[in-house]
Amino acid sequence: MSQYQIAVVVGSLRRDSINRKLADAMARLAPATFSFRHLEIGDLPLYNQDDDAAPSEPVKRLKAGIAAARGLLFATPEYNRSIPGVLKNALDHGSRPYGQNAWAGKPAGILGASPGAMGTALAQQHLRNILAYLDVPTLGQPEAFIQVRDDFFDADGAIANAGTRTFLQGWMDRYVAWVTAISPG
């Protein structure tokens, strides 16, 4: 049985999301003591403070998933030089109402993949700014701005290129050390 449950938040709703594939490939690089569970964010209503007193079932499910996790893994695309609206909506729901921030104190790692050469550098920086306010300690180094081409994943969904796989294994090793330092067993 794993000791560390990690909540995975993918900022893309697309069925063939490369960031969902990236998050799944990253989970394969983690030790057996880590398990990864995707949090559904596509069915969350738009955040409205009027709903704080009686949150919807999807909001309750999101907050319960965050609460059950020992750490967070964000995999986000970049939309218009920032994070997708669906991700911001999930962050808002998880942090509200004021004083009931489910994200607080959960160690996080941020990744992002894009077909573009810059990867998701600006989206990741915006996400870091939001997470800092939400009191989420976030792994600073190494950063991973990943450009994905057609041959990035193999037929089984693993990272195909050995050099990239080695880099991402190093990222995962640092992430595991980060989570275990912030949230010791």
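Being without any contact (Cβ under 8 Å) to a residue 12 or more places away in the chain and out of contact with any Lys or Arg (no Cβ under 7 Å at 6 or more places or on another chain) holds for only one residue in A25, A64, A108, and it is A64. Among the residues here, R20 does not qualify as touching a residue at least 40 places away in the same chain (Cβ under 8 Å) and farther than 22 Å from I146 by Cβ. When each of Q147, Q124 is tested for being surrounded by 17 or more Cβ atoms within 10 Å (Cβ to Cβ) and either modelled with pLDDT under 95 or not hydrophobic (A, V, I, L, M, F, W, C) (or both), the lone residue that passes is Q124.
For segment 48-86, the set of residues classified as within 13 Å of the chain's Cα centre (by Cα) and over 25 Å from I18 (Cα atoms) is empty.
The criterion of at least 3 residues that are over 30 Å from Y47 (Cα atoms) and not charged (D, E, K, R) is met, among helices (runs of 4 or more DSSP H) falling completely within segment 74-185, by 162-182. Scanning for something over 20 Å from A25 (Cα atoms) and modelled with pLDDT of 95 or more, does segment 166-180 turn up at least one residue? The answer is yes, given that some residue of segment 166-180 is over 20 Å from A25 (Cα atoms) and modelled with pLDDT of 95 or more. Close contacts from segment 141-167, counting a first residue that is aromatic (F, W, Y) and a second that is surrounded by 12 or more Cβ atoms within 10 Å (Cβ to Cβ) and part of a helix (DSSP H, G or I), with Cβ to Cβ under 6 Å and a gap of 6+ residues or different chains, come to F145/A121; F153/K21. If you go through segment 29-58 and keep only what is closer than 30 Å to A177 by Cβ and not in a loop (DSSP other than H, G, I, E, B), you end up with F34, S35, F36, R37, H38.
Annotation for segment 100-109: no member residue is surrounded by fewer than 17 Cβ atoms within 10 Å (Cβ to Cβ) and either of a type in the set (K, R) or closer than 25 Å to F167 by Cα (or both).
When segment 1-25 is filtered for residues that are among the basic types (K, R) and at pLDDT below 95, the ones remaining, listed by number, are R14, R15.
The values are calculated or read from the model by the stated rules, or taken from the named source; none is laboratory data. Since we're looking at a predicted model, the values are computed, not measured. Every residue, glycine among them, receives a Cβ derived from its backbone with ideal geometry; neighbour counts consider all protein chains shown.
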